[in-house]
Amino acid sequence: MADIEGKKERKERPSCLGYPVSIFFIVVNEFCERFSYYGMKAVLVLYFKYFIGWDNDFSTTIYHTFVALCYLTPIMGAIIADSWLGKFKTIVYLSIVYTIGQVIMAVSAIHDITDSNRDGVPENMTFHVALSMLGLILIALGTGGIKPCVAAFGGDQFEDHQEKQRSTFFSIFYLSINAGSLLSTLITPILRSQDCGIYSKRSCFPLAFGVPAALMVVALVAFVAGHSMYIMESPKGNILLQVMKCIGFAVKNRFRHRSKQYPKREHWMDWADEKYDKLLIAQVKMVLKVLFLYIPLPMFWALFDQQGSRWTLQATTMDGNFGAFIIQPDQMQIVNPVLIVIMVPIMDSAIYPLIKKCHINFTPLRRMTVGMLLAALAFVAAALLQIEIDRTIPKFPSSSETQVKFLNLENTSLPVIVEGQNPFDVPSFDASNEYMTLDAMNATVSVGGINTTGSFLKEMRHTVLIDARGLLATLNDTREKPSQGLNAIRFVNGFSTPLNITKSDELALLSPLEGSEYFMVSHGKTNFTIVNLNEQKCSYIMHLGFGSSYTVLIPSNFSFGDTCHESIKAVQEIEPNGIHMAWQIIQYFLMTCGEVVFSVTGLDFSYSQAPSNMKSVLQAGWLLTVAVGNIVVLIVAEAGSLPDQWAEYLLFASLLVAVSVIFAIMAYFYTYMDPTEIEAQFMELEPEDKKKKELEMTTKDNAAYVHSENADVKQTKI
């Protein structure tokens with residue numbers, strides 16, 4: 001058989017219902033790859049915060065640096081595939097890089113590797129950071145590099161007469177993308193929330209990264225398995241490089257002819273006329289006209305991609321109890337793909353037709369402007385929600401302050417006077433209502449008329465144990481709200497004999513007037529067992545929310561028996577997360593509506609305004625706006641000095657509103673084009689243009705020949 005348009009020899013390939021069987025391997029590959037990417041990405045910012053120990057700002061910075069890199073590398077992948085290796089080899093080689101990166105990420109999360117004392121805390125965090133950064137770089141190279149290749153390679157598997165099947169394939173292809181992202185965003189946070197480890201238990205990030213790594217291995221194997229059935233086109237050169245060369249020549253040629261003696265040309269791209277044909281120049285002009293509109297777009301993506309960083313971190317301070325099930329903070333991202341599936345058909349079949357019936361000219365660029373404003377509104381909603389969350393978070397002491405609370409071990413209330421403060425009473429077997437903030441680290445405290453000097457530490461919270469004898473002991477309280485939705489619980493023994501406090505495999509032996517270390521306990525029902533030296537037991541059950549802290553007092557009148565738990569008093573230090581995670585649905589809804597109106601419309605508009613052979617150039621430009629948007633986030637996260645998170649949300653919303661106004665002005669002056677009609681005009685002129693250029697070249701060659709002959713004659717005479 002003859003080689004057709006650079007393709008391999010076509011042989012009879014297996015098909016099913018009119019579709020080549022080879023596309024099955026491509027769809028499976030895409031599903032597994034998207035599961036791998038979105039599953040890893042869903043838990044990434046919490047890995048930075050909880051495992052590596054970075055603060056919110058630096059975790060956000062590294063997260064968005066990674067996402068930006070993922071959207072910069074597709075340009076590299078397209079160039080490699082079209083100019084050097086071809087799509088198949090590019091996908092295989094970069095998938096291997098991708099798989100290695102995922103495996104490295106999973107290994108980097110195994111805390112036991114450097115936990116020699118087996119306390120659950122890695123001792124060489126530099127090792128884990130280095131491994132994770134290497135893994136993320138490889139993943140970015142892999143996922144970005146294959147991004148422009150897989151869909152196009154799937155399209156190559158169809159013959160020219162299979163347009164209907166090709167269209168159906170792309171629908172199935174994008175369905176597999178959404179299915180992979182949706183399932184992974186649901187499953188990997190559940191895996192992360194489990195406890196695992198060889199010697200000590202902690203959040204199971206190795207499993208959360210390991211499953212996506214396994215899915216990437218499946219993706220690679222599935223893709224390679226269909227090798228013998230694929231139609232593979234040989235590299236034909238990359239149109240993006242050709243466009244860049246044409247633009248580069250025009251700029252360089254214009255610079256050479258910058259003198260006033262050279263007449264101006266209608267468009268600066270016309271300076272490429274000496275080397276490139278008019279059709280290509282006209283196509284580049286059309287592309288540049290659309291790319292100019294892309295300039296304000298990164299600001300939308302700066303807000304959109306914070307769903308996986310700032311919004312996930314916001315969810316960690318909220319209540320995820322939905323009654324029948326518990327939602328993990330990183331699972332809230334699933335709201336976006338679910339709403340996408342719902343909102344796209346609603347927009348296309350209901351909203352847009354309704355607007356059209358109202359005789360409103362809702363052009364694509366106007367839709368995109370509305371989408372940007374909806375995203376800004378989503379961040380206003382996030383800011384309002386953050387203000388409510390901040391009201392539930394306690395104010396911890398500054399670097400020059402200390403905070404004190406008093407816990408009364410007596411069975412009668414005690415009057416307390418702290419130097420410089422108003423007097424108050426502490427109820428029996430209870431604590432003072434709120435922490436008292438002191439500027440002095442040493443203060444005279446009067447308890448029941450007995451004066452004692454209390455010594456406290458800067459930036460610390462303290463619970464002071466008191467009875468009729470005065471100050472008994474000072475306990476150091478937790479200085480921050482418990483992370484990961486856990487609850488910090490400790491016990492104080494006000495009983496006359498030593499007691500053992502046990503929970504599962506944890507144990508605390510408390511002497512009288514002694515406080516235990518904090519037990520970190522998950523939400524829900526938790527059972528503690530109190531045991532004395534005579535092996536008498538008392539079961540104490542607590543029903544806990546998310547992110548609270550309690551000091552549990554076992555009072556002096558405590559006695560073992562069926563009602564032993566009734567005398568035990570739990571004193572709240574930090575309130576549980578009081579704002580429900582469901583409130584985030586409002587901002588997710590607004591952001592998803594903005595995405596549907598902005599992103600889907602933007603891609604459709606771009607494709608309709610671009611020449612047929614330069615869709616990939618616009619795709620590269622579109623992905624570049626996503627990368628730049630993520631760079632904007634990391635700059636603001638690192639350089640921004642806003643003390644409150646709600647203020648940062650409002651800053652981003654304000655910036656996007658300003659950018660939306662600029663984009664609306666640019667859109668107002670934009671003239672819609674018909675690329676097909678413009679190309680047809682230049683196609684008619686192209687033969688004449690080529691003849692003209694050939695004639696000019698012939699004239700130049702003749703002139704050069706004559707000049708050369710004259711030079712030879714002069715040389716002979718000499």
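Hey, Y670 hits all of (1) surrounded by fewer than 12 Cβ atoms within 10 Å (Cβ to Cβ); (2) of a type outside the set (D, E, K, R); (3) outside any helix (DSSP H, G or I) but one; which does it fall short on?
Checking Y670 against (1) surrounded by fewer than 12 Cβ atoms within 10 Å (Cβ to Cβ); (2) of a type outside the set (D, E, K, R); (3) outside any helix (DSSP H, G or I), the one that fails is (1).
Only residues in segment 357-380 that are in contact (Cβ under 8 Å) with a residue 24 or more places away in the chain and of a type in the set (A, V, I, L, M) count as the first member; pair them with residues that are open to solvent by less than 10 Å² (accessible area, probe 1.4 Å) and in a loop (DSSP other than H, G, I, E, B), Cβ under 9 angstrom, at least 6 apart or cross-chain, and list the lot.
M368/L297; M372/L297
Do you know which residues across segment 523-545 are surrounded by 15 or more Cβ atoms within 10 Å (Cβ to Cβ) and either small (G, A, S) or touching a Lys or Arg at 6+ places or on another chain (Cβ under 6 Å) (or both)? I'd like the intermediate steps shown before the answer.
Of all residues in segment 523-545, those surrounded by 15 or more Cβ atoms within 10 Å (Cβ to Cβ) come to 523, 526, 528, 530-532, 538, 540, 542, 544-545.
Result: F528, V531, G545.
Which pairs turn up if I take residues in segment 55-80 that are closer than 21 Å to Q307 by Cβ and look for partners that are modelled with pLDDT of 90 or more and outside any helix (DSSP H, G or I) with beta carbon separation below 7 Å, at least 6 apart in sequence or on another chain?
That search, which allows pairs on different chains as well, returns T60/S309; Y63/S309; H64/S309.
Conditions (1) under 18 Å from G197 (Cα atoms); (2) surrounded by fewer than 17 Cβ atoms within 10 Å (Cβ to Cβ); (3) of a type outside the set (V, I, T); (4) at pLDDT below 95, marked per residue:
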| position | (1), (2), (3), (4) |
| --- | --- |
| I104 | yes, no, no, no |
| I110 | yes, no, no, yes |
| R118 | yes, yes, yes, yes |
| E123 | yes, yes, yes, yes |
| G135 | no, no, yes, no |
| L138 | no, no, yes, no |
| G144 | no, no, yes, yes |
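Under 8 Å between Cβ atoms, which residue pairs at least 6 apart in sequence (or on different chains) link something in segment 525-538 that is over 14 Å from F495 (Cα atoms) with a partner that is modelled with pLDDT of 90 or more and among the charged types (D, E, K, R)?
Here the result reads T529/K537, each pair linking segment 525-538 to a residue that is modelled with pLDDT of 90 or more and among the charged types (D, E, K, R).
What is the number of the single condition among (1) free of Cβ contacts under 8 Å to residues at least 40 places away in the same chain; (2) open to solvent by 40 Å² or more (accessible area, probe 1.4 Å); (3) not hydrophobic (A, V, I, L, M, F, W, C) that N253 does not meet?
Here N253 meets the rest and fails (2).
Tally the residues that are out of contact with any Phe, Trp or Tyr (no Cβ under 6 Å at 6 or more places or on another chain), assigned to a helix (DSSP H, G or I) and either of a type in the set (G, A, S) or farther than 11 Å from W301 by Cβ (or both), restricting the search to segment 626-657.
Pass one, segment 626-657, residues out of contact with any Phe, Trp or Tyr (no Cβ under 6 Å at 6 or more places or on another chain): 628, 630-648, 650-651, 654-657.
Still in the list and also assigned to a helix (DSSP H, G or I): 628, 630-639, 645-648, 650-651, 654-657.
Still in the list and also either of a type in the set (G, A, S) or farther than 11 Å from W301 by Cβ (or both): 634-639, 645-648, 650-651, 654-655, 657.
Adding up the residues that qualify gives 15.
Pick out the one residue from V370, V335, V341, V380 that is touching a helix residue (DSSP H, G or I) at 6+ places or on another chain (Cβ under 8 Å), modelled with pLDDT under 90 and either not in a loop (DSSP other than H, G, I, E, B) or not aliphatic (A, V, I, L, M) (or both).
V341
Counting only residues that are among the aromatic types (F, W, Y) and over 25 Å from V217 (Cα atoms), which one in segment 52-76 is surrounded by the most Cβ atoms within 10 Å (Cβ to Cβ)? Break it down stepwise before answering.
Applying the first criterion (among the aromatic types (F, W, Y)) to segment 52-76 yields 54, 58, 63, 66, 71.
So of that shortlist, the ones also over 25 Å from V217 (Cα atoms) come out as 54, 58.
Values: W54: 18, F58: 16.
Checking each candidate, the answer is W54.
Out of segment 626-667, which residues are hydroxyl-bearing (S, T, Y) and surrounded by fewer than 14 Cβ atoms within 10 Å (Cβ to Cβ)?
The first filter runs over segment 626-667 and keeps only residues hydroxyl-bearing (S, T, Y), leaving 641, 649, 654, 660.
Residues satisfying the conditions are S641, S654.
Which one of these does T402 not meet: (1) under 23 Å from G494 (Cβ atoms); (2) in contact (Cβ under 8 Å) with a residue 40 or more places away in the chain?
Every listed condition holds for T402 apart from (1).
Restricted to segment 569-619, and to residues that are open to solvent by 10 Å² or more (accessible area, probe 1.4 Å) and of a type in the set (F, W, Y), which residue is nearest to the chain's Cα centre (by Cα)?
Among those that are open to solvent by 10 Å² or more (accessible area, probe 1.4 Å) and of a type in the set (F, W, Y), it is F589.
So is G86 touching a residue at least 60 places away in the same chain (Cβ under 8 Å) and either surrounded by fewer than 15 Cβ atoms within 10 Å (Cβ to Cβ) or at positive phi (or both) or not? Talk me through it step by step, then tell me what you get.
Working: touching a residue at least 60 places away in the same chain (Cβ under 8 Å): yes; either surrounded by fewer than 15 Cβ atoms within 10 Å (Cβ to Cβ) or at positive phi (or both): yes.
When the stated conditions are applied, G86 passes them.
Can we say N361 is open to solvent by less than 40 Å² (accessible area, probe 1.4 Å), modelled with pLDDT under 95 and not charged (D, E, K, R)?
On the way: open to solvent by less than 40 Å² (accessible area, probe 1.4 Å): no; modelled with pLDDT under 95: yes; not charged (D, E, K, R): yes.
Answer is no for this residue.
Among the candidates Q386, Q331, which residue alone is under 20 Å from L191 (Cα atoms) and either surrounded by 20 or more Cβ atoms within 10 Å (Cβ to Cβ) or in contact with a strand residue (DSSP E or B) (Cβ under 6 Å, 6 or more places away or on another chain) (or both)?
On the way: Q386 fails: under 20 Å from L191 (Cα atoms).
From the options Q386, Q331, the qualifying one is Q331.
Taking the options I231, I190, I281, name whichever one is open to solvent by 50 Å² or more (accessible area, probe 1.4 Å) and either closer than 30 Å to A315 by Cβ or more than 34 Å from the chain's Cα centre (by Cα) (or both). Step through it out loud before you land on a result.
Details: I231 fails: open to solvent by 50 Å² or more (accessible area, probe 1.4 Å); I281 fails: open to solvent by 50 Å² or more (accessible area, probe 1.4 Å).
After applying the criteria, what remains is I190.
The values are calculated or read from the model by the stated rules, or taken from the named source; none is laboratory data. As the structure is a computational prediction, the values presented were derived from the model and not from experiment. Because the Cβ atoms are built from the backbone with ideal geometry, glycine has one as well, and the counts that use them run over all protein chains shown. Side chains are part of the model used for accessible areas, which takes the heavy atoms of the whole protein and leaves out ligands, DNA and RNA. Shrake-Rupley method; radii C 1.70, N 1.55, O 1.52, S 1.80 Å.
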